[in-house]
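Just so it is clear, none of the values below were taken in a lab; they were calculated from the coordinates. All of these numbers come straight from a predicted model, not from anything done at the bench. Neighbour counts are summed over all protein chains in view; Cβ atoms, including those assigned to glycine, are modelled from backbone coordinates with ideal geometry.
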DNA sequence: GTGAAAGCGCTAACAA
DNA sequence: TTGTTAGCGCTTTCAC
């Protein structure tokens, strides 16, 4: 690994000053065409690659945006394998449709992946690089600060970093959080109309499927989840139905906990006619548990989700849900970040993108 | 957006020198506990975030790895939408299973996504940030050099950047290419045994399904593709069957071109009994085209792929293929990069991971 | 049109 | 244990 050639090396070899080398790259119009050609030729020949660190230091911008993401796949089957580990030598003839629902669904992109895809594409389109970080085995606070130190703006999923850390970071660079805005953070936000989406869905269940006994499943801790629960309740209230006070699951419940709810409800004969889940992932886990307990979906119990992840269209019965425009949300994140970068005096920006109902089999619509 | 506090600000406020501030973060053991606490407290209070650019400049390392990727999704339906564009207001009741195969398959992760996932997870696990770039609307050469200037090591997919650009970059930082090694590049490589995988698959078709008239479909330009074609041919040769000289498609053919092949073959009554495709994406396109032309799969024509992408287990008939351990390949990439970083004197590393046969419906195995 | 030189914020000798 | 200081490679203002 040879030492990298620098502006000095190029300048010397080309017989010009370092300023000219720099200008040849950044301000071509300020350099006579012939000198520019000569400099670029020498640079190419020497394999000169400008140091982003030096440039970032000099002009105060890094040209990169950051995304601090989940690592929900950390416990995926493949994860703990050593990089060089040797899988079984004989052909894998196992039918992967029998491989267990969870493992199977892990093969599909989830919410964060879809959003990340949008962020990536928009970053590249606008000429920015994207620095992605996720909390691995380390301290989230350290990692998010580390990323923040490397970029011109950063996006975070909700509940991934402590609020005060984000607040401090937001003092220096624009931060977009992918959730509804809370009271008065200085962050920018990209979100959807959670309440409306869930209200539309609930109304559909009530009006089209004539359901009257609906329960809510999943964590309602975050702002978005609260919005969804609110939408659920308002639809029930408007229809004059009984309005549950809370989700069937405790605060902070995971999909696993949602699934564990099922056998209890079955045992107690307390299954409602519909289980309205706060996310697709919860819904998929619930459907899996219901089927495993001999309960038919949507025959005995209707199940719905929220997000619109790909796995929902693969599972049987296919999942009725509320689709968030995940990729567009990722693009909006970048758009906001660059807006704020272009005009630092602007206040926080919040963008709410529309949701749409996706009616499939699990509510009783469509082909069985 | 306030100006970011620097070491100087923190040092002044804490009444110490900048070296002490720096040490408080990087060499905690070199600073008396009480001063360290005090410094860290001040830093936290002021919202100090160290500048990665400055650090990178000073110590010559950035703490990030790079991945230069595809953007094969650039023409996805969602792509050209403006970030704030408003989708239709009414519920989306369309059954997305009818939405067109291609749009549907785009919802699933492809080869590069799976590999990228592995790179991400391993980077995070080892405490590195990951800078991802893809060729957007810009010059690939510029972009890959730009990324290279920001990281300690970089991984690239084959054919994404000109060979001489890579060679120059490899002079400065370790580069891993995700393909079989060519004659004598100085790059590191992560790959699979393409020839063996394709030979196993072809042997399966010959022995178990008694097929004798097999053709190869897809681009054979790259080293990996060549290996697959070689494996295909060697299986045919060993079985005493006729060995085609070339792929049915011209060099550089895309999945679209592979699909366009189908109507021609149908019209000419020249359909072979099996179409062995060089990638899953080609195979999916071919299956789609066959079904659209009223040809049954695997009844009339057997189709196979190579890669093991998720879409292959969703399509009907489910795709028989050769699975690459994509996530493990991503992890291996990072492993190699960090090895080379730790020992710069080491020569290029090539790691070949094993493949496995995945027998599903499209070859005639399993449930129809 | 080109060059000299002053930083950008941090790290790590070396001094104290 | 802490402080001083010389870079790291680049951008950019100001002279020439």
**Request:** Please express the shape of region A:148-194 as an equivalent ellipsoid: the semi-axes are the square roots of 5 times the eigenvalues of the C-alpha gyration tensor, given largest first in whole angstrom.
**Result:** 18, 11, 9
**Prompt:** P(r) for region B:113-261: what percent of alpha-carbon pairs falls in each 5 Å bin, starting at zero?
**Reply:** 2, 8, 14, 16, 17, 14, 11, 9, 6, 3, 1
**Prompt:** Using the alpha-carbon atoms, what tilt in degrees (0 to 90, nearest 10) does helix B:33-46 show relative to the longest principal axis of chain B?
**Reply:** 70
**Mean shadow area of region B:185-261 over all directions, Cα convex hull, nm²** = 6.0
**Prompt:** Based only on Cα atoms, what Rg/Rh ratio does chain A have, Rh being taken as Kirkwood's radius?
**Reply:** 1.10
**Prompt:** Among B:158, B:348, B:50, whose mean-square fluctuation peaks in a Gaussian network model of chain B (Cα, cutoff 10 Å)?
**Reply:** B:50
**Request:** Using only Cα atoms, tell me the angle between helix B:111-125 and the longest principal axis of chain B; keep it within 0 to 90° and round to the nearest 10.
**Result:** 30
**Asked** Is region B:201-315 rounded, prolate or oblate when judged by the Cα gyration tensor, a ≥ b ≥ c being the square roots of its eigenvalues, rounded requiring a/c under 1.5 and prolate requiring a/b larger than b/c?
**Response** rounded
**Complete:** Out of B:310, B:342, B:235, a Gaussian network model of chain B with alpha-carbon springs under 10 Å gives the largest mean-square fluctuation to B:342
**Item:** Three semi-axes of the equivalent ellipsoid, region B:321-362, Cα gyration tensor, whole Å, largest first
**Value:** 31, 9, 4
**Asked** Hey, what did region B:283-322 get for relative contact order, percent, Cα under 8 Å, at least 6 apart?
**Response** 39
**Item:** Relative contact order for region B:244-368, counting Cα pairs under 8 Å that sit 6 or more residues apart, in percent
**Value:** 23
**Item:** Cβ neighbours within 10 Å from other chains - mean over B:112-122
**Value:** 4
**Asked** For region B:1-62 and region B:194-242, what is the separation of their Cα centres, given in Å?
**Response** 60
**Message:** How large is the direction-averaged shadow of the alpha-carbon convex hull of region A:269-368, in nm²?
**Reply:** 7.7
**Asked** Given that compact globular proteins tend to follow 2.2 N^0.38 Å, what is the ratio of the alpha-carbon Rg of region A:109-190 to that value?
**Response** 1.06
**Reduced Cα scattering model of region A:288-342, Debye log10 I(q)/I(0), q = 0.27, 0.30 Å⁻¹** = -1.04, -1.14
**Request:** Express in whole angstrom the spacing between the alpha-carbon centres of region A:296-368 and region B:105-135.
**Result:** 22
**Prompt:** On a 0 to 90 degree scale, rounded to 10, what angle separates helix B:280-292 from the longest Cα axis of chain B?
**Reply:** 40
**Fill in**
Per the Cα gyration tensor, the protein assembly as shown corresponds to an equivalent ellipsoid with semi-axes, largest first in Å, of 43, 39, 22
**Fluctuation leader among A:58, A:274, A:181 - chain A, Gaussian network, Cα springs under 10 angstrom** = A:58
**Message:** When only alpha-carbon atoms are used, what values of Rg and Dmax, in angstrom, describe region B:274-317?
**Reply:** 9.5, 26
**Prompt:** Counting alpha carbon pairs within less than 8 Å and at least 6 residues apart, what relative contact order, in whole percent, applies to chain A?
**Reply:** 16
